[in-house]
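Single-structure report; data block below.
Nothing in this text is a laboratory measurement; each read-out follows from the coordinates by a stated rule. Being a predicted model, the structure only gives us computed values, none of them experimental. Cβ: placed from backbone, ideal geometry, glycine included. Neighbour counts: every protein chain shown.
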Amino acid sequence: MKDWIIFEDEHLLVMNKPAGLFTTPGRFEKRCLLNEARAFRAEAEAVHRLDLDTSGLVVFGCSKQAISGLNRLFRERRIDKQYVAQVAGTAAANAGEIIFPLGPDRVRRPRQRVDWRTGKRALTRYRVLATFGSQTRLALMPVTGVRHQLRLHLALIGLPIVGCDLYAPAFVRASGARLMLHAQRLSFSHPATNLDLLFEAAPDF
């Protein structure tokens with residue numbers, strides 16, 4: 001578990017979550033990154049989450065000042081996040097934006113769907129990093145944080161994430177041993193010292 005720790009100080013703990021591990025306890029599954037963090041820092045509190053199948057950087061608050069400050073930074077969208085994804089297909093442009101509003105698909109839970117009437121605003125920016133035959137590696141910069149935003153947004157423009165079990169065609173799902181989505185970078189001002197922080201962790205795919 002210590003191999004997962006990227007950074008720690010009096011106020012913060014940053015960890016690199018493996019795919020297949022909940023960020024916080026599930027209804028039936030109690031093993032999660034938060035409990036692993038608390039085995040190291042008992043005061044750790046979750047201020048954001050990654051999906052079960054997504055790997056990458058998660059920051060925990062370890063003081064009242066940090067928890068309050070991180071919650072404010074996330075609420076005000078002052079934390080810059082970058083993901084990397086391996087997708088099926090070739091992007092039509094080297095960079096772009098995806099803006100479909102999203103809401104729950106009440107028929108096919110836990111899926112989300114495009115909902116122009118009552119859906120939440122969702123904005124994803126992307127940039128092509130490399131192309132490998134029929135697959136493309138993208139840098140993803142989500143401006144908003146709607147559930148399944150990156151997975152569904154990419155599927156909607158014809159670039160489903162390899163290994164995605166919810167929005168990718170069967171052959172794309174089967175072409176990866178896991179969901180090829182990783183939270184690679186977090187950048188924000190330290191909630192106690194105001195120093196600029198930048199954390200990075202390369203994906204394992």
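Working note: Debye formula, equal point scatterers on the alpha-carbon atoms of the chain, no solvent; log10 I(q)/I(0) at q = 0.08, 0.14, 0.16, 0.19 Å⁻¹ is -0.27, -0.85, -1.10, -1.43. Computed about its Cα centre, the charge dipole of the chain is approximately 880 debye, with only Lys, Arg, Asp and Glu carrying charge at their Cβ. Considering helices alone, the calculated mean residue ellipticity of the chain at 222 nm is -4500 deg cm²/dmol, with DSSP H runs of length four and up weighted by -39500 (n - 2.57) and normalised per residue.
Neighbour counts of C-beta atoms inside 10 Å place Leu198, Leu33 in the sequence Leu198, Leu33, starting with the fewest. The angle between the Cα long axis of helix 64-75 and the main principal axis of the chain comes to about 20°, on a 0 to 90 degree scale.
Ranked by how many other Cβ atoms sit within 10 Å of their own Cβ, fewest first, the residues Met141, Met180 fall in the order Met141, Met180.
In order along region 81-92, phi translates into HN-Hα couplings of 10, 10, 10, 10, 9, 9, 10, 8, x, 10, 5, 6 Hz, rounded to whole numbers, per the Karplus curve 6.51 cos²θ - 1.76 cosθ + 1.60 with θ = phi - 60° and x for Gly and Pro.
Based on C-alpha pairs under 8 angstrom that are at least 6 apart in sequence, the chain has a relative contact order of 20 percent.
Of all DSSP-defined beta bridges confined to the chain, some 95% are antiparallel rather than parallel.
Net charge of the neighbourhood of Pro18, taken over other residues with C-beta under 13 Å away and scored Lys/Arg +1, Asp/Glu -1, is -2. Taking Cβ atoms as reference points and 13 Å as the exclusive limit, the residues near Leu73 contribute a net charge of +2, counting Lys and Arg as +1 and Asp and Glu as -1. In terms of other Cβ atoms within 10 Å, Phe74, Phe28 run from fewest to most in the order Phe28, Phe74.
Within region 82-181, antiparallel bridges make up roughly 100 percent of the DSSP beta bridges whose residues both belong there.
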